[in-house]
Amino acid sequence: MFFYTLETSPFHQCMSSMIKPTKRNLTYISRNLWFIILYKSLVRSHLEYANSVWYPKRKMNVEKLERVQKRVTKLIPEISKKPYIERLQVLNLPTLKYRRYCGNMIEVFKIIKVIYDPTCVSHLDLVKFSDDVIRTRGSKYKLIRHHCCHDLWKFNFTNRVIPIWNSLSNHVVSADTVNCFKNRLDKFWTNQSKAKEV
């Protein structure tokens, strides 16, 4: 029987293969004035590709991804000495972890509002509430979280997004369109002082 070490695991190899091309792109970006636009299109898009599927669960992998953005923000001489969170505020960039959370919430919104074909997406069970309970218990789109014994299911998309989704207010989750939901989500998390620092 073969056991993977941390360095030889398929997920670790996948992470390394994603980060290597971004390092090459960073050397080009650092010589260019439009580097934030280039960073968003050449590097960040690489790091975020299909992240709802391959979402990193280990802190080591989350930090490895965030280190790429930390390096980018240090390329600006005027703000290179500031702490990471301050650099993000100056550049109006959220953390990659925050963007993953937002992306996951947008995917859940699309599943619940049946924007995707229901036969092709994961099934999410809604809690049945009466109108009186909704006023006191938050959102009318609360999801049921199923018990999991194994990490494979615990960190699966349909299970890991439920606590975050259930913490959102009724005003946010009852949006009519995806853009309306994005705006309400940003405002809600900013008011919760969660934005850009998650």
All positions within region 164-195 that are polar (S, T, N, Q) and within 18 Å of residue 127 (Cβ to Cβ)
166, 167, 169, 170, 174
Taking the conditions exactly as written (part of a loop (DSSP other than H, G, I, E, B), at pLDDT 70 or above and surrounded by fewer than 16 Cβ atoms within 10 Å (Cβ to Cβ)), does residue 40 satisfy them or not?
no
Please go through region 98-123 and give me each residue that is among the basic types (Lys, Arg), assigned to a helix (DSSP H, G or I) and out of contact with any helix residue (DSSP H, G or I) (no Cβ under 6 Å at 6 or more places or on another chain), ordered by number.
99, 110
When you check residue 82 against the structure, is it outside the structural domain of residue 125 (by TED's automatic domain parsing), within 23 Å of residue 156 (Cα to Cα) and either at pLDDT below 85 or outside any helix (DSSP H, G or I) (or both), yes or no?
no
Count - residues of region 164-192 that are over 15 Å from residue 113 (Cα atoms) and out of contact with any strand residue (DSSP E or B) (no Cβ under 9 Å at 6 or more places or on another chain)
14
Looking at region 53-71, which of the residues that are loosely packed, with under 15 Cβ neighbours inside 10 Å and under 12 Å from the mean Cα position of the chain (by Cα) is farthest from residue 106 (Cα to Cα)?
57
Taking the stated definitions as given, is residue 90 β-branched (Val, Ile, Thr), in a helix (DSSP H, G or I) and more than 19 Å from the chain's Cα centre (by Cα)?
yes
What tally of residues in region 72-106 results from selecting those that are of a type in the set (D, E, K, R), surrounded by fewer than 19 Cβ atoms within 10 Å (Cβ to Cβ) and either in contact (Cβ under 8 Å) with a residue 60 or more places away in the chain or within 21 Å of residue 49 (Cβ to Cβ) (or both)?
2
Candidates 121, 198, 108, filtered to the one that is at pLDDT below 70 and either more than 26 Å from residue 86 (Cα to Cα) or outside the structural domain of residue 66 (by TED's automatic domain parsing) (or both)
198
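The values are calculated or read from the model by the stated rules, or taken from the named source; none is laboratory data. Just so you know, these numbers come straight off a predicted model, no measurement behind them. Note that each Cβ is placed from the backbone with ideal geometry, even for glycine, and that neighbours are counted across all protein chains shown.
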